[in-house]
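Since the structure comes first, as structure tokens, the remarks are kept for the end.
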Amino acid sequence: MEQKRSSFTGKIGFVLAAAGSAVGLGNIWRFPYLAAKYGGGIFLLVYILLSVTFGFSLMVAEIAIGRKTGLSAIGAYEKLNKKYAFVGYLGAIIPALILPYYSVIGGWVTKYLTLYATGGGSAAASPDYFGGFISSTWEPIGWFLLFIGATALIVLFGVEKGVEKVSKIMMPVLVVLSIFIAVYVCCMPGAGAGLAYYLIPNFENFSIMTVVAAMGQLFYSMSLAMGIMITYGSYMKKEVSIESSVHQIEIFDTGIAFLAGLMVIPAVFASTGAAPEAPGAGLMFQVLPTVFENMWGGHIIGAIFFLLVLLAALTSSISLMETVVSILQDKLRWNRRLTCLVVFAACLLLGLPSTLGYGVWANVKVIGMQFLDLFDFISNSVLMPIAAFFTAILVGYVIKPQSVIDEVELSGKFRFKKLFVVMIKYVAPVCMIIILLSSVLSAFNVIKI
Ligand code: PHE
């Protein structure tokens, strides 16, 4: 099928579309609980350092590869070097693994939005509510179905353009509301200790796991190492600056994650007086309702907040599903309706263990993890470092950094050229190997970190 490649109208269009994919549950749900788990301030520091060095370089490389080849991941890697085509395929598997469990969490958000919108917000503030909800069998499945169904319908009807318009309004409102909630939370009695925990790096909390987790989060949050930014790059006009676009996407993405941490972590301290004991996937859902409960107009603010989170999650899940659908369509030549249906059904099957893992299958563990954590681990801690490793090798040693630099310089000077070269050639490959080894060995309890 010959497809005409449309392009984004300009820099703003590109940045907002890429930020729509990048900003999602990763920032608002995943970042705060990882920050709480892996040492607070030290995690934040490591994350920001990685983001401006490693994340920046990899994102520039991916977007440049996309724009240079004018193709999405599989085709792009193939065109650059036949031997590296497998990286494109690897990149295609990752969104297929993320989307199902992403939609499970998306379902939880939908449930909470409905709860607040129908005046049931107070129930959510009771300590056992969240646990009761996720451990039930049918209800979470229903919300999961709704979320993945909505994503599939939007992808099927190709109304992403409309969704992009929504995200233009959503992003600024999300930023403003997050600042408002964060300021409120930080003024709560007892929040100061949480603020200190989150903002002041404590080097005693540092371990290699801090870096492993921060790196996994970076890939996830910036939608890297899975070909998505390559596809976006292929739609980018030559005169738009890659470098400054990446800076802007990073500011959006890291800014929203930072604010989410500022909302959640001090709130935990304010309500319990200490760091959360074993922060997990439920942290945001357990903590924020208690904040909204005591806030003036809290239920309305809660409803708006969960609506914004839902929209942010949808813009991301759409980009995940779109990637999977378009790859299958290209490779198998199925029509769009059939492809959407197959992807929808596959997601449903793959997502079920993740939701049941909190209830009837709570005792089923694979390498010590429940299914949701397992899918998260395989994609973020195993496959993404592998994909990033080979991308760095391909750019650093096969097509050479200069080819990316040339592409970036089509629209002006590449200011952080040296940083880029050092990152791609030396730091990235070594880091990826260390991260891969430490995450796999620790999962199998070979090493304790
Ligand atoms: N970056 C998105 C988030 O932070 C998740 C995502 C990952 C979306 C990969 C698309 C691709 O929520």
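The values are calculated or read from the model by the stated rules, or taken from the named source; none is laboratory data. What you see is a predicted model, and the numbers here were worked out from it, not measured in a lab. Cβ: placed from backbone, ideal geometry, glycine included. Neighbour counts: every protein chain shown. What goes into the accessible areas is simple: the full protein's heavy atoms, side chains included, and nothing from ligands, DNA or RNA. Shrake-Rupley method; radii C 1.70, N 1.55, O 1.52, S 1.80 Å.
A few notes on this one:
- Residues Ser354, Ser381 ordered from highest to lowest accessible area at a 1.4 Å probe: Ser381, Ser354.
- The string of couplings for region 267-282 from the Karplus curve (6.51, -1.76, 1.60, θ = phi - 60°) is 5, 5, 5, 5, 8, 10, x, 8, 5, x, 5, 10, x, x, 4, x Hz, one whole number per residue in order, with x for Gly and Pro.
- Accessible surface, 1.4 Å probe, highest first, among residues Cys340, Cys431, Cys187: Cys187, Cys431, Cys340
- Region 325-419 shape via C-alpha gyration tensor axes, a/c threshold 1.5: oblate
- Label-reachable residues, region 33-49, where backbone N falls under 11 Å from a point 7 Å from Asn202's Cα toward its Cβ: 39-42
- Whole-Hz Karplus values for region 32-38 come out as x, 6, 5, 4, 5, 6, 9 Hz, taken residue by residue from phi with 6.51 cos²θ - 1.76 cosθ + 1.60 and θ = phi - 60°; glycine and proline positions read x.
- Theoretical FRET efficiency, 1/(1+(r/R0)^6), r = Cβ-Cβ of Asn294 and Val398, R0 60 Å, to 0.05: 0.55
- Solvent exposure of the chain as accessible area per residue, Å², 1.4 Å probe: 40 Å²
- In Å², nearest 10: area of Leu195 left accessible to a 1.4 Å probe: 50 Å²
- Evaluated at q = 0.07, 0.10, 0.11 Å⁻¹: base-10 log I(q)/I(0), Debye formula over Cα of the chain: -0.32, -0.68, -0.83
- To put it simply, the accessible area of region 308-449 at a 1.4 Å probe is 69 percent carbon and sulfur.
- Approximate spin-label separation Glu409-Ile434, in nm, with each point projected 7 Å along Cα-to-Cβ: 3.1 nm
- Debye log10 I(q)/I(0) at q = 0.12 Å⁻¹ for region 288-351, Cα point scatterers: -0.49
- Of the listed residues Thr69, Thr137, the order by accessible area with a 1.4 Å probe, largest first, is Thr137, Thr69.
- Between 0 and 90°, nearest 10: helix 384-393 axis offset from the chain longest Cα axis: 30 degrees
- As computed over region 227-380, the Cα convex hull volume per residue (Å³): 184 Å³
- Tilt relative to the chain, helix 208-221 - C-alpha long axis, 0 to 90 degrees, to 10: 70 degrees
- Selected from Ile93, Pro276, Tyr47, residue furthest toward positive end of dipole (the chain; charges at beta carbon): Ile93
- Full-stretch length increase - Val183, Tyr89 - with 0.36 nm per residue and alpha-carbon distance subtracted: 29.5 nm
- Semi-axes of the equivalent ellipsoid for region 213-284, Cα gyration tensor, largest first, Å: 34, 14, 8
- Cut-off 16 Å (backbone N to label point 7 Å along Cα→Cβ of Val422), residues of region 36-50: 49-50
- With kT/(6 pi eta Rh) evaluated at 37 °C and eta = 0.692 mPa s, and Rh the Kirkwood radius from Cα pairs, region 39-137 diffuses with a coefficient of 186 µm²/s according to Stokes-Einstein.
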